[in-house]
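In what follows, a structure is listed as structure tokens, so that the remarks can point back to it.
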Amino acid sequence: TRQEVLGLYRKIFRIAKKWQSASGQIEETIKEKEYIKNEAKTLFRKNKNVTDPKLIKQCIEECEARIEIGLHYNIPYPRPIHLPPMGLAHKQGRTLRHQEKLRKISKPIYLKSHDEVS
């Protein structure tokens, strides 16, 4: 697993080195390259002491998903969930708690650590 994690870390920095923004503007490209590097450093340092194999696997899957989505859409930033914050729930009671639970469960894997860092 250590080799896999280090390989992902190197892969992210290679992607950042070759990254071109969708707009093609130099300033935007530089900004996005810095974001990729800083996000990788922050998340990898945050998770460096993780020892639980299930949690390590989840972090690896999140990393791979974010890499693939970023390359596919040419956007380095995580894609948000397009649901209104509380559009499906009444403002009180069990339904609200139920909707909050469903929203938390349905959160895509590539956004799990984003809220903690931003």
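See the values below:
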{"quantity": "For residue 21, distant residues with modelled amide H under 5 Å away", "calculated": "29"}
{"quantity": "Residue pairs, from the table 31/54; 17/54; 17/46, whose Cα atoms sit over 27 Å apart", "calculated": "31/54; 17/54"}
{"quantity": "Sites residue 30 and residue 57, calculated FRET efficiency, Cβ-Cβ separation with R0 35 Å, nearest 0.05", "calculated": "0.55"}
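Since every read-out is calculated from the coordinates, none of them should be taken as a lab result. This is a predicted model, so every value here is computed, not measured. Note that each Cβ is placed from the backbone with ideal geometry, even for glycine, and that neighbours are counted across all protein chains shown.
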